[in-house]
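*Asks:* Supplied in structure tokens, the structure appears directly below.
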Amino acid sequence: MVAERVAVAFAGDGAGEGELSWGQQDIWRAMVRQESWLPNGAWGPLPPGTTLDDVVDRLRYLMSRFPTARTRLRFGPDGAPRQEVFAEGEVDLEIVEAGERDPAALAEQLRLRLQDDPYDFERDWPIRMAAVRRGGELTHLVVVMCHLVTDGLGALVLLEELDKRPDAPVPDLQPLEQARWQASPAGVRQNTMALRHWESILREMPLHRYREPRELPAPRHWRGEFRSPALSLALRCLAARTGIASSTIALALYAVALTRVTGAHPAVIRPMVNNRFRPGLDRVVCMLAQYGLSRLDVAGVSYAEAFDRARRAALGTYKHAYYDPAALDGLLERVAADRPGLQLPCYFNDRRDDPTGAAASEAGAPGVDEVRAAAGAGEFVWTTRQDVPFEPLIVHLDEVAGGTQATIFLDTHVIGPGDAEALLRGLEAAAVAAVLDIEAPTGA
């Protein structure tokens, strides 16, 4: 399939070796649990007239500017990873001839192949790039990145700078420097406060959080998608009406749906926190996001009260979502030993465009009639069943064509497929109910 490989030389600042930062450690642990390098891939059309030199320049800039693109892992005798940032190197750019094939379809095949090809953390560069050529013209570009390079908001910074090519140096707090701060007295204090917050919730939360699955399917790890026009409209409507950030509204509604399905309250959820509100970290292209811990008692209250409780809990959740993952693992083991049967919280990752920004104004927000008309139009489908593990339960929210898409990954031996689908449909139902009457009881 590959017609040509072009070796692209690069060089950049920030070389060195050291410990992984907390964000890197967190995503590394997820990679180990899920037996995957967690690649993020995308493709798109190239402007007419794009030359090979243009694409080479794009790849060279990406590798040269961002230290995480020049980072490989090193493993000690105990298997623990460290990172090495290189000052220079070469990376291959693949050129693939489309021939009579559809270039866009070929670009998607390339994305899947680059994601599926084995990845060597010690020898491979964490970015793979390929271009599709047809009739002598470059038509599409494919980029796949290991999740160690960056999280979602960092990827937006990367794409913006790849387009604008700023002259300013990258921020000082790259992962090597982050790791040094995290080992300092100030970093130790931050971690201690975070673990204290976690322990207070873990020692009081309900032990059994999911109903026993009726069946134990094989393969056991499933992925499903629920696309909902009503959920998208309702979240915008509620954020405008209450003045509360849409991400907080979504978290509260998820807590309502989770409590309804499991019967366990308060709901204890691990929402993804971007950590970019911390000084010096907003423009760093790296893995910063970590899952926080939120305790939300939404049973027996109105939707308005549930939203206010989520708003008040958000500050503590965000403040304590910056921690040493190894220390947290130790805490989880100690608490689980003291509380046999403890089921750890589920994950919730709101990846929409402005998940933690201010709520929209009421001008232009969807109205009640618009939300009511869209209710019940959501479509659910199971997309994947595999033996390779996912997390026991994780839900992602994305804004896509046709509404908000909730994607669920689950271990069906922990939570049954029927309950998982009910959870996503319940999220939509709760959102619509809140729009119709925000003072109505949640029913949780």
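Only the coordinates and a few stated rules stand behind these numbers; no lab work does. In this text the structure is predicted, and so the values were computed from the model without any measurement. Here the Cβ positions follow ideal geometry from the backbone for every residue, glycine too, while neighbour counts run over all protein chains shown.
*Asks:* For the chain, with a Gaussian network of springs between Cα atoms less than 10 Å apart, report the residue from PRO77, PRO366, PRO389 with the top mean-square fluctuation.
*Replies:* Answer for the Gaussian network model of the chain: PRO77.
*Asks:* So, one more: Under 10 Å, Cα contacts only: if you run a Gaussian network model on the chain, which one of ALA314, ALA234, ALA98 comes out with the highest mean-square fluctuation?
*Replies:* Most flexible of the set in this elastic network: ALA98.
*Asks:* So which GluC sites (Glu not before Pro) in the stretch 357-444 end up in coil per DSSP with only 11 or fewer other C-beta atoms within 10 Å?
*Replies:* Passing both the DSSP loop test and the Cβ count: GLU439.
*Asks:* Taking other Cβ within 10 Å of each residue's Cβ, how do SER247, SER184, SER200 sort, fewest first?
*Replies:* The most exposed by this proxy come first: SER184, SER200, SER247.
*Asks:* How far is helix 22-34 tilted off the main Cα axis of the chain, in degrees rounded to 10, range 0 to 90?
*Replies:* Once rounded, one gets 80 degrees.
*Asks:* Dividing the convex hull volume of the alpha carbon atoms of the chain by its residue count, what do you get in Å³ per residue?
*Replies:* That works out to 165 Å³ per residue.
*Asks:* Write out the trypsin sites (Lys or Arg not before Pro) in the stretch 50-114 meeting two conditions: DSSP loop, and at most 15 other Cβ atoms within 10 Å of their Cβ. Let's see the in-between values first.
*Replies:* On the way: sites: ARG58, ARG60, ARG65, ARG70, ARG72, ARG74, ARG82, ARG101, ARG111, ARG113; in loops: ARG101.
Answer in residue order: ARG101.
*Asks:* Oh, and also: With a cut-off of at most 15 other beta carbons within 10 Å, and DSSP calling the residue loop, which trypsin sites (Lys or Arg not before Pro) in the stretch 155-250 qualify? Please list them.
*Replies:* Counting only loop positions with at most 15 other Cβ atoms within 10 Å, the trypsin sites (Lys or Arg not before Pro) in the stretch 155-250 are ARG203, ARG211, ARG214.
*Asks:* Give, rounded to the nearest 20 debye, the magnitude of the charge dipole that the stretch 2-180 has about its Cα centre when Lys and Arg contribute +1 at Cβ and Asp and Glu contribute -1 at Cβ. Mind showing how you got there, number by number?
*Replies:* Details: 20 positive and 32 negative charges, 36 e Å.
Once rounded to the nearest 20, the dipole reads 180 debye.
*Asks:* Next question. Hey, how many Å between the Cα centroid of the stretch 37-66 and the Cα centroid of the stretch 211-277?
*Replies:* Rounded to whole Å, the Cα centres lie 35 Å apart.
*Asks:* Continuing with the same structure: Between VAL8 and residues 5 or more places away or on another chain, which pairs have amide H atoms under 5 Å apart, with H built 1.01 Å from N, and which residues are they?
*Replies:* Residues meeting the criterion, in which the H sits 1.01 Å from N, are VAL91, ASP92, LEU93.
*Asks:* Just how far, in whole angstrom, is the stretch 405-444 from the stretch 79-102 if you go by their alpha carbon centroids?
*Replies:* 40 Å
*Asks:* OK, next. What is the angle, in °, between the Cα long axis of helix 417-436 and the longest principal axis of the Cα atoms in the chain? Nearest 10 is fine, range 0 to 90.
*Replies:* Taking Cα atoms only, the helix is inclined about 70 degrees.
*Asks:* Still on this structure, please answer the following. Kindly work out what percent of the DSSP beta bridges joining two residues of the chain are antiparallel, to the nearest 5. Kindly include the intermediate steps, with their values, before the conclusion.
*Replies:* On the way: 61 of 73 bridges.
Of those bridges, close to 85 percent are antiparallel.
*Asks:* Provide ASP398, ASP167 in ascending order of the number of other Cβ atoms located within 10 Å of each residue's Cβ, fewest first.
*Replies:* Details: ASP398 16, ASP167 5.
Listed from fewest to most nearby Cβ atoms, that is ASP167, ASP398.
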